[in-house]
Amino acid sequence: MGVTRVPQHLKFHRRVPAHRRRAGNRAHGRGLPRVRTQRVGLARGGDRRESRERLRPPVEVKANTYEKYWPFYQQHGGHTFPKDHLKKAVAEIEEMCNILQHEGVTVRRPEPIDWSVEYKTPDFTSTGMYAAMPRDILIVVGNEIIEAPMAWRARFFEYRAYRPLIKEYFRRGAKWTTAPKPTMSDQLYDQEYPIRTVEDRHKLAAQGKFVTTEFEPCFDAADFIRAGTDIFVQRSQVTNYMGIEWMRRHLAPTYKIHILSFKDPNPMHIDGTFNIIGPGLVLSNPDRPCRQIEMFKKAGWTVVTPPTPLVPDNHPLWMSSKWLSMNVLMLDEKRVLVDANETSTQKMFESLGIKSIKVSIRHANSLGGGFHCWTTDVRRRGTLQSYFL
């Protein structure tokens, strides 16, 4: 990884050519980030300048984080995450890589990047954040690798860490597509987005209002989740309808895009809310119920309600929620990577006939992702089929 920094604005990598193989076959080619500087982000729009003392989390970051952590961003913006915590997170991810390799998975890693270097476009100035979550920026559909455009300025150049790997896969026959890159000018964000309370967020989400506008396409790959020829997506704080429409047109007619919505005051990335764990089998977050869940039940899917997470209240989750407990990684239909501390989730998988491979990841969770986030599929065995008729 390069060193992780708190977004001044504020992936592990698996992959899947050949057709969205069945949700549970042996996986190959997962790559993991080396940690270089991962930063807390506070990007500046236009040519505005503020002293370090007056820096505030930008609106797109505030819309995706809890208010109790805003002082953390003010204090650490543009600097590394706390070093002791980061050291423990790196150790957890290294052990995860070792366990994946032991389970027969090929692990590939992106290139380390110095995220402390400030960059400037005609529309904003920022340092980088990290390249620790490949699921956020890469989605592999069939034999095609798609680079997501992203929506945070601190993640504008995140793709650079993955380009050497993508070029290698391209030379070996994979298709390579880069989605339209947004300018990320101030017009992409609702600068007056009212997010002071959870009630505000619930009301706005129910009204279909988000911090990102429809000025230009934007999306994070992690707002999409695949199931054979069907791909499910949510409109979120980082994925807009223009981005979803771009994906729909690009992947038609072989793949069909379905838009889902959830009772979620802070939607960002679908896999902590709705995580497909096998053919016709999905985890659905009870705190963020899916408004379209009946269509899955009518299609014969089994909808599983995961247990309440066991993360203690004093554990820092600067960029995520306790529901990373359901952000698991399926190696195949009978094996899953689960947080070693989440004994209730392990028992749930045992009841489903799925073996839990226990791995500690709690400190890595603090940086914004669980097992599913810290990886992205590159290659799985299986055949392309529909699980949603």
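The values are calculated or read from the model by the stated rules, or taken from the named source; none is laboratory data. If you're wondering where the values come from, they're calculated on a predicted model, not measured in any experiment. Note that we place each Cβ from the backbone using ideal geometry, even for glycine, and neighbour counts take in every protein chain shown.
Observations
- Residues in the stretch 112-153 that are assigned to a strand (DSSP E or B), of a type in the set (Val, Ile, Thr) and under 20 Å from ARG235 (Cα atoms): ILE139, VAL140, VAL141, ILE146.
- Looking only at residues in the stretch 369-389 that are assigned to a loop (DSSP other than H, G, I, E, B) and among the aliphatic types (A, V, I, L, M), the one that is surrounded by the most Cβ atoms within 10 Å (Cβ to Cβ) is LEU384.
- Checking SER356, SER366 one by one, the residue that is polar (S, T, N, Q), over 16 Å from the mean Cα position of the chain (by Cα) and either buried (at least 17 other Cβ atoms within 10 Å of the Cβ) or modelled with pLDDT of 95 or more (or both) is SER356 and no other.
- For ILE93, the criteria (1) farther than 21 Å from GLU60 by Cβ; (2) not in a helix (DSSP H, G or I) hold in every case but one, which is (2).
- Among the residues examined, VAL336 does not qualify as within 30 Å of GLU60 (Cβ to Cβ), at pLDDT 95 or above and of a type in the set (Val, Ile, Thr).
Every residue, every condition in (1) surrounded by fewer than 23 Cβ atoms within 10 Å (Cβ to Cβ); (2) on the phi > 0 side of the Ramachandran plot; (3) in contact with a Pro (Cβ under 8 Å, 6 or more places away or on another chain), yes or no:
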{"residue": "PRO149", "(1), (2), (3)": "no, no, yes"}
{"residue": "MET184", "(1), (2), (3)": "no, yes, no"}
{"residue": "LEU204", "(1), (2), (3)": "yes, no, yes"}
{"residue": "GLY208", "(1), (2), (3)": "yes, yes, no"}
{"residue": "ALA221", "(1), (2), (3)": "no, no, no"}
{"residue": "ASP230", "(1), (2), (3)": "yes, no, no"}
{"residue": "GLY243", "(1), (2), (3)": "no, no, yes"}
{"residue": "LYS256", "(1), (2), (3)": "yes, no, no"}
{"residue": "PHE262", "(1), (2), (3)": "yes, no, yes"}
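- A single entry from VAL303, VAL328 fulfils the requirement of being surrounded by 14 or more Cβ atoms within 10 Å (Cβ to Cβ) and out of contact with any Leu (no Cβ under 7 Å at 6 or more places or on another chain): VAL303.
- Within the stretch 183-227, being farther than 19 Å from GLY272 by Cβ and part of a helix (DSSP H, G or I) holds for ASP186, GLN187, LEU188, GLU199, ASP200, LYS203, LEU204, ALA206.
- Every condition in (1) in contact with a strand residue (DSSP E or B) (Cβ under 6 Å, 6 or more places away or on another chain); (2) under 14 Å from ILE270 (Cβ atoms) holds for ARG235 except the one numbered (1).
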